[in-house]
Amino acid sequence: MSETQATFGYKDVDPREKPGLVRGVFDRVARRYDLMNDLMSGGVHRLWKDAAAARMNPQPGELIVDCAGGTGDMARRFAKMARAAKHRRGGADATVVIVDYNAEMVMAGRSRDDAARLWPEIAWAVGDAQNLPLPDASADAYCISFGLRNVTDISRALREARRVLKPGGRFLCLEFSRPVTEALGKAYDAYSFKVIPAIGAAVAKDRDSYQYLVESIRRFPDQEDLAGLMREAGFGRVSVTNFAGGVAALHQGWAV
């Protein structure tokens with residue numbers, strides 16, 4: 001693909017157009033986003049997120065960036081785990097900063113569970129993964145969960161993650177990926193293209209947004225390619241953990 005183009009599902013578009021197109025998708029699905037995640041995955045996405053949060057191992061006093069944090073699923077996990085660690089051995093409160101490009105998603109998260117009262121550790125911001133509103137070397141950890149495939153320039157977003165992390169800071173990316181066997185890949189394709197858009201049409205009243213979701217997964221770098229992009233961005237000790245046979249993958253690295 002030309003450097004003057006970006007992917008939007010199976011389409012190639014002007015990079016200047018992609019942010020608005022993606023914003024439109026999430027504007028439409030924000031109110032049903034969490035419900036749709038449960039329906040599409042049978043709730044399994046919760047187990048993947050639990051595993052990612054455990055790998056992150058949030059600690060008291062840390063600044064953790066939850067990029068593309070949407071409605072706060074991961075941020076709540078991080079805050080809860082940091083609280084538990086603080087109760088065990090003391091220390092300052094952790095701060096979890098959600099940065100999401102879509103204001104509708106942020107508003108949906110802030111209105112959920114009386115977020116401001118129940119989760120004072122969480123701060124919410126509308127911002128771009130490619131231009132984070134944070135100083136250099138300010139964060140102890142960074143996570144992007146099911147959001148990296150929506151950015152216009154993946155390499156730029158990875159470099160920006162490296163910029164805001166302290167030396168030795170932890171990076172995690174949880175994202176849909178490539179099944180490791182041909183049989184699983186065929187079954188996954190059949191489910192993705194036939195069932196997920198139909199669920200989107202029935203529940204969210206928006207087939208097109210979930211068609212985009214399926215297509216965007218297919219054009220996202222596979223496990224090894226994404227690991228290579230992480231190394232190029234300045235991450236070391238890169239590792240990959242497949243979930244559900246590679247339907248999703250957790251990439252981990254350290255800022256070097």
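The values are calculated or read from the model by the stated rules, or taken from the named source; none is laboratory data. Model, not experiment: these values are computed from the prediction. Because the Cβ atoms are built from the backbone with ideal geometry, glycine has one as well, and the counts that use them run over all protein chains shown.
Every residue, every condition in (1) exposed (fewer than 14 other Cβ atoms within 10 Å of the Cβ); (2) among the acidic types (D, E); (3) in contact with a His (Cβ under 7 Å, 6 or more places away or on another chain); (4) at pLDDT below 95, yes or no:
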residue	(1), (2), (3), (4)
R178	no, no, no, no
L184	no, no, no, no
P197	no, no, no, yes
A202	yes, no, no, yes
Y210	no, no, no, yes
M230	no, no, yes, no
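For the range 10-28, the candidate set comprises residues that are more than 14 Å from G147 (Cα to Cα) and out of contact with any strand residue (DSSP E or B) (no Cβ under 8 Å at 6 or more places or on another chain); within that set, the residue that is surrounded by the most Cβ atoms within 10 Å (Cβ to Cβ) is R28. For D136, the conditions (1) out of contact with any helix residue (DSSP H, G or I) (no Cβ under 6 Å at 6 or more places or on another chain); (2) of a type outside the set (S, T, N, Q); (3) loosely packed, with under 14 Cβ neighbours inside 10 Å are fulfilled apart from (1).
A79 satisfies every condition listed in (1) in a helix (DSSP H, G or I); (2) more than 18 Å from P120 (Cβ to Cβ) except (2). Evaluated against (1) out of contact with any Lys or Arg (no Cβ under 6 Å at 6 or more places or on another chain); (2) modelled with pLDDT under 95, A6 falls short on exactly one condition, (1).
For (1) out of contact with any strand residue (DSSP E or B) (no Cβ under 8 Å at 6 or more places or on another chain); (2) modelled with pLDDT of 95 or more, each residue gets a yes or a no:
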site: R31; (1), (2): yes, no
site: L35; (1), (2): yes, no
site: K49; (1), (2): no, yes
site: R55; (1), (2): no, yes
site: Q59; (1), (2): no, yes
site: D66; (1), (2): no, yes
site: T71; (1), (2): yes, no
site: M81; (1), (2): yes, yes
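How many residues are surrounded by fewer than 17 Cβ atoms within 10 Å (Cβ to Cβ) and in a helix (DSSP H, G or I) when one looks only at the range 42-62? Qualifying residue count for the region: 7. Scanning the range 98-133 for residues that are surrounded by fewer than 17 Cβ atoms within 10 Å (Cβ to Cβ) and of a type outside the set (G, A, S) yields M107, R112, D113, D114, R117, L118, P120, V126, N131, P133.
Here's the yes/no breakdown for (1) in a helix (DSSP H, G or I); (2) within 20 Å of N131 (Cα to Cα); (3) free of Cβ contacts under 8 Å to residues at least 40 places away in the same chain:
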| site | (1), (2), (3) |
| --- | --- |
| R149 | yes, yes, no |
| L158 | yes, yes, no |
| R163 | yes, yes, yes |
| G169 | no, yes, no |
| A201 | yes, no, yes |
| G245 | yes, no, no |
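For the range 37-75, a residue qualifies if it is among the aliphatic types (A, V, I, L, M) and over 24 Å from R162 (Cβ atoms), and the qualifying residues are L39, M40, V44, L47. Residues of the range 82-122 that are part of a loop (DSSP other than H, G, I, E, B) and at positive phi: G90, G91. Residues in the range 235-242 include none that are surrounded by 15 or more Cβ atoms within 10 Å (Cβ to Cβ) and assigned to a helix (DSSP H, G or I).
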